[in-house]
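The values are calculated or read from the model by the stated rules, or taken from the named source; none is laboratory data. Small disclaimer: the values here were computed from a predicted structure and weren't measured. FYI the Cβ positions are ideal-geometry reconstructions off the backbone, even for glycines, and counts take in every protein chain you see. Areas reflect the complete protein model, heavy atoms only, side chains present, ligands, DNA and RNA absent. Shrake-Rupley method; radii C 1.70, N 1.55, O 1.52, S 1.80 Å.
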Amino acid sequence: MKRSCLLKKQGTIAVVGPLANSHSNMPGTWSVAADLTKPATVVEGVQAVAGDQAKVVYAKGSHLVSDAAYEERATMFGRSLGREHDTRTDAQLLEEALAIARSADVIVAALGESSEMSGESSSRFGLDIPDVQKELLAELLKTGKPVVLVLFTGRPLTLTWEDAHVPVILNVWFGGSEAAYAIGDVLFGDVNPCGKLVATFPQNVGQIPLYYNHKNTGRPLEEGRWFEKFRSNYLDVTNDPLYPFGYGLSYTTFTYGEVQLSTSEINAGGVVRASVTVTNSGTRDGAEVVQLYIRDVVGSITRPVKELKGFEKVFLKAGESRTVTFTITPELLKFYNYDLDYVVEPGEFEVMIGGNSRDVRKTSFTYQ
């Protein structure tokens, strides 16, 4: 979820997009034995959760992609998006969608990748939402109606334009046979989402490979800076991901206090307990995934800038605070050295705790 925006179970809701009413694409590519006719679609899930007080209308809006041959390759093995049954042009599909959207109170755009765009032998040279779908999304936004992007994908996509223009993005990956109802529950606020990304989303493909636990460079860019000559950076974009590993929003907000350590120095027989107070600072009850990262500042071989070493999901009522404590043992500090011995080396270790790999509170201790 990019930003909070609860739909109301009333009025007219337009569900638009080539993935909005596709039964076969809901389970994703790794559902070989699934009955692809059975999963509910986004249209059906939204209508079921909205109930009788809301009117749900549907338009396909566009083909999956503008290239028919490409679409055929991306919708094989029984997972069809119906181009062979829908011979209308992209312009005709768009016209229908805009007519429906203008008469609606809110628009749910179900866009992204089909199942067969992921998995074996399914590489893409670019990671944008397919061009014809992106055009559809831009035209829907021009109606002035609130737009929620329900994004299907099997990989991190480049969503810089969408992030800047779309009020709400709900990333649903390929959720399975019951995903439609879960999507409806989240869109209407019956469930407060608490999911976190397990992959880093880049700003653009030029940043790939991009991951949170990378090694440091010989000339790292100072944190918080955009560019410095002769440093490891780009001329035209920051080093930052669009959405970092571990990122995810909900309908409430969480604030973190400073990290407190039980000791500033340990040895082979000791442990350090790292604690942080997490507060639900919003107006709704919700769950937060508190994440622990550790960095071995100096090693005999290069070490990552941070590594996920623990996490805990805590449920907090609005306004409630709780102290979350992680126990750090020497075992958590070990790595395979040059001789492939599994060791922990003396020195400084940074402790970082937060709601994702980027937004963390930091302190440090020493291992002797």
From THR255, THR283, THR327, which residue is in a loop (DSSP other than H, G, I, E, B) and touching a residue at least 12 places away in the same chain (Cβ under 8 Å)?
THR283
Could you check how many residues of segment 243-252 are open to solvent by 30 Å² or more (accessible area, probe 1.4 Å) and either in contact with an Asp or Glu (Cβ under 6 Å, 6 or more places away or on another chain) or in a strand (DSSP E or B) (or both)?
0
Consider ALA97 carefully, then state whether it is hydrophobic (A, V, I, L, M, F, W, C), open to solvent by 30 Å² or more (accessible area, probe 1.4 Å) and touching a residue at least 24 places away in the same chain (Cβ under 8 Å).
no
Quick one: PHE77 ticks every box in (1) surrounded by fewer than 15 Cβ atoms within 10 Å (Cβ to Cβ); (2) at positive phi; (3) at pLDDT 95 or above except a single one, so which number is it?
(3)
Just for segment 330-358: of the residues that are among the hydroxyl-bearing types (Ser, Thr, Tyr) and not in a strand (DSSP E or B), which one is nearest to GLY246 (Cα to Cα)?
SER357
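Results for (1) within 26 Å of GLY176 (Cα to Cα); (2) among the acidic types (Asp, Glu); (3) open to solvent by less than 10 Å² (accessible area, probe 1.4 Å), shown as yes or no for each residue.
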{"position": "LEU93", "(1), (2), (3)": "no, no, yes"}
{"position": "MET117", "(1), (2), (3)": "yes, no, yes"}
{"position": "GLY144", "(1), (2), (3)": "no, no, no"}
{"position": "LEU149", "(1), (2), (3)": "yes, no, yes"}
Of all residues being buried (at least 23 other Cβ atoms within 10 Å of the Cβ) and of a type in the set (Val, Ile, Thr) in segment 100-115, which is nearest to the chain's Cα centre (by Cα)? Just the residue, please.
VAL108
Residues of segment 151-165 being within 23 Å of TYR181 (Cβ to Cβ) and either open to solvent by 10 Å² or more (accessible area, probe 1.4 Å) or part of a loop (DSSP other than H, G, I, E, B) (or both), in sequence order, are THR153, GLY154
